Amino acid sequence: MSKTVVIALGGNSFIKDNDKISVADQLEVIKNSCKPIVKLVKHGFNVVITHGNGPQVGFNLLRSEAARDQIPPQPLDVAVAETQGALGYMIQQALKSEYVRQGINKDVVTVVTQVLVDADDPAFRKPEKPIGPFYSKEQAEKLMNEKGWNMVEDAGRGYRRVVASPRPVKIVEYQAIRALVEKGYTVICCGGGGIPVIVDSESLEGAAAVIDKDRVASLLACLLQADLLIIPTGVSKVSLNYRKPNQIDLDHISLDEAKAHLEQGHFAAGSMRPKMEAAISFLESGGRKAIITLPEMIEDAVLGNAGTHILAN
């Protein structure tokens, strides 16, 4: 039986240059991102893909703000749904095309996915999930004054808008996702962390939030009893003392070591911290291995030649 791997592609990774943010530019990056994924399929893995949408949902909200005099502003949950469908479509198209080129007879399916969150989650009172493009300090102060946005400095790369990021409780369409995976389809789901919904009088209702895609990827990997969780990011390996003279790159670490490094504050919020938390959560729930590395190094990492491998104790 094929091994199952869950891969959490980053929304930021689809934008290599702030001057190249068009759909055509992003599609070109996505095509390149699909090539190492196809290699995993050729190695016998059943692949499930989640993806972020931070910049893309920010773009949607900017469009909505710009057009608010002509049409009503777009709710955040609908913006997540739109980017989930659009990015899922682009990944689905690029991946299927690469399958055909390499003679692989496999279908790719995108599931527009809702994810249940707790209406009382403290995150709704303390927004901290970065979305949208990066701004200078001056631009951020202007947006805070003019639009009332919450803005924070993001890992030394500039300032970004932040919104609520509650923890995922349940993947609403999980049974459908599992059935597709068991049939051998390549499944794209929980895009952008999933569309956040809450239970209101026994019905589902959209919530103004963006769920962290790494947390959802961890939950999904646990539910599917995946053999491996891969979290591609902007660096080849996780590091201690990142960007300092005493930086230490990590090759193989245990679950206990990962937890200790996290508690010591080595990983920045909104950057490496949620990725490490996702890996730890997966391993604590019975997973065997998580890998964090560059997208183009996925194959080498799975073969043991790259990336940071976090192993169950």
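Look at (1) in contact with a helix residue (DSSP H, G or I) (Cβ under 9 Å, 6 or more places away or on another chain); (2) charged (D, E, K, R); (3) open to solvent by less than 80 Å² (accessible area, probe 1.4 Å) and you find that Glu153 fails only one, number (3). Take the conditions (1) in contact with a helix residue (DSSP H, G or I) (Cβ under 8 Å, 6 or more places away or on another chain); (2) open to solvent by 80 Å² or more (accessible area, probe 1.4 Å); Val111 misses just one of them, which is (2). Evaluated against (1) under 18 Å from Gly184 (Cβ atoms); (2) open to solvent by 10 Å² or more (accessible area, probe 1.4 Å); (3) touching a helix residue (DSSP H, G or I) at 6+ places or on another chain (Cβ under 8 Å), Gln92 falls short on exactly one condition, (3). Here are Val117, Val112: which of them is in contact with a Pro (Cβ under 6 Å, 6 or more places away or on another chain) and of a type outside the set (S, T, N, Q)? That would be Val117, the only listed residue that is in contact with a Pro (Cβ under 6 Å, 6 or more places away or on another chain) and of a type outside the set (S, T, N, Q). The set of residues from the stretch 229-286 being at pLDDT below 95, surrounded by 13 or more Cβ atoms within 10 Å (Cβ to Cβ), more than 21 Å from Glu128 (Cβ to Cβ) and polar (S, T, N, Q) comprises Ser236, Ser239, Ser285. Please tell me if Ser218 is polar (S, T, N, Q), modelled with pLDDT of 95 or more, touching a Phe, Trp or Tyr at 6+ places or on another chain (Cβ under 9 Å) and crowded, with 19+ Cβ neighbours inside 10 Å. Yes, satisfied. Screening Ile49 on (1) farther than 30 Å from Ala140 by Cα; (2) aliphatic (A, V, I, L, M); (3) open to solvent by less than 50 Å² (accessible area, probe 1.4 Å); (4) part of a helix (DSSP H, G or I) shows it passes everything except condition (4). Of the conditions (1) at pLDDT 90 or above; (2) assigned to a helix (DSSP H, G or I); (3) open to solvent by 60 Å² or more (accessible area, probe 1.4 Å); (4) not aliphatic (A, V, I, L, M), Asp77 satisfies every one except a single condition; which number is it? The number of the failed condition is (3). Counting residues in the stretch 153-165 that are within 21 Å of the chain's Cα centre (by Cα), closer than 28 Å to Lys16 by Cα, acidic (Asp, Glu) and modelled with pLDDT of 85 or more gives one or more.
Return the only residue of Lys126, Lys96 being assigned to a loop (DSSP other than H, G, I, E, B), among the basic types (Lys, Arg) and either over 26 Å from Gln225 (Cβ atoms) or at pLDDT 85 or above (or both). Going through Lys126, Lys96 in turn, the sole match is Lys126. Number of residues in the stretch 14-46 that are of a type in the set (Phe, Trp, Tyr) and assigned to a helix (DSSP H, G or I) equals 1. A single entry from Ala312, Ala301 fulfils the requirement of being surrounded by fewer than 18 Cβ atoms within 10 Å (Cβ to Cβ), in contact with a Leu (Cβ under 9 Å, 6 or more places away or on another chain), modelled with pLDDT under 95 and over 30 Å from Val78 (Cβ atoms): Ala312.
Residue pairs whose Cβ atoms lie under 6 Å apart, sitting 6 or more positions apart in sequence or on different chains, and linking a residue in the stretch 16-32 that is more than 16 Å from Leu95 (Cα to Cα) to a partner that is among the aliphatic types (A, V, I, L, M), are Lys16/Val29; Ile21/Ile15. Scanning the stretch 60-78 for residues that are closer than 19 Å to Gly206 by Cβ and in contact (Cβ under 8 Å) with a residue 60 or more places away in the chain yields Leu61, Glu65, Pro75, Leu76, Asp77, Val78.
The values are calculated or read from the model by the stated rules, or taken from the named source; none is laboratory data. Predicted model, so just to flag it, every value in this text is computed and none were measured. Every residue, glycine among them, receives a Cβ derived from its backbone with ideal geometry; neighbour counts consider all protein chains shown. Just so you know, the surface numbers come from the protein's heavy atoms only, side chains and all, with ligands and any DNA or RNA stripped out. Shrake-Rupley method; radii C 1.70, N 1.55, O 1.52, S 1.80 Å.
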